[in-house]
Structures are given as C-alpha cells and as structure tokens.
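Every number in this text was worked out from the coordinates using simple rules, so none of it is lab data. On a predicted model such as this, the values are computed, not experimentally measured, just so you know. FYI the Cβ positions are ideal-geometry reconstructions off the backbone, even for glycines, and counts take in every protein chain you see.
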Amino acid sequence: MRIAKWMIGLALVAGVAGTAQAQRDPDYAAARAAGQIGEQTDGYLGVVGNAPDNVRAIVRDINIKRKSVYTQRAGAGSTIEQFAFVSGCNLIARTEPGEMYQTPSGAWKQRGAGAPERDPRCV
C-alpha cells in the first residue's frame, strides 16, 4: 500500500480533532490511564481486556466520530481504510509512556519510554 504524504497531514489533523474532544471526558482519561483502552493500528480506539460497559460505550462513541472524520477527509486516490491506517500510525506515535497501543502483530502493548512499535508502512 502506497500512502501519499498529504494523507499523513490530513490524518494527523483528523486524529487530533477526535483525540482533543475525548480528552475532555474524565471517564475517557481514566480508562486510558488504567490501560482499558488503547490505539489500534487501524486508526480506531480499542478495548483492552474486559472493560466495563461504560468504557465500551466511550470507545464505540469515539470510533463513530473517527469514522465520520475519516469518511469526510479521505480524498481522491485514498480509501477510508487507508486514511484511518495513516491516522492510526500517527495516534500510536503520539501515545504517552504507560498508555496501551496495538503492535503490528495485533498484540496490545504498554508504551515504554522509547518509541512504540509501528507498522513498517508508517512514515
């Protein structure tokens, strides 16, 4: 899959928009800090392990908003999935130490002090 550089900029903006809104929600912040949710490689938020229903609802709501942004911003020459993937690359890169993210193999990992493992296609 070839990913255009302009998509990276747009995906970064899309990721920031969705993340900024969610960070205002104290339940989201608590679930993220507790390792109950994390960034997935596909650009969506994921539930890590057995999270309570309220956490699952937060994830569902954020993912609906993300898909809406991805759908609006995916331009000619890219699919929603490609745009979401690039967003996932950027969102994983911006995780903080202690937060959960999905590795290219699909496993959940807690971010350490170093850079997170990302798909080799991430620029």
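If you take every residue apart from residue 88 with its C-beta less than 13 Å away from the C-beta of residue 88, what net charge results, scoring Lys and Arg +1 and Asp and Glu -1? Taking every other residue near residue 88 into account, the sum is 0.
By the beta-carbon count within 10 Å of each Cβ, the least crowded to most crowded order of 105, 68, 78, 87, fewest first, is 105, 68, 78, 87. So which trypsin sites (Lys or Arg not before Pro) in region 81-119 pass both tests, a DSSP loop state and at most 16 other Cβ atoms within 10 Å of the Cβ? Of the trypsin sites (Lys or Arg not before Pro), the ones in loops of region 81-119 whose Cβ has at most 16 other Cβ atoms within 10 Å are 94.
The gain in end-to-end length when the residue 71 to residue 110 segment is fully stretched comes to 11.1 nm, 0.36 nm per residue minus the alpha carbon separation.
Within region 56-77, what residues put their amide N at less than 11 Å from the label point 7 Å along the Cα-to-Cβ vector of residue 25? 56-66, by backbone N distance to the label point.
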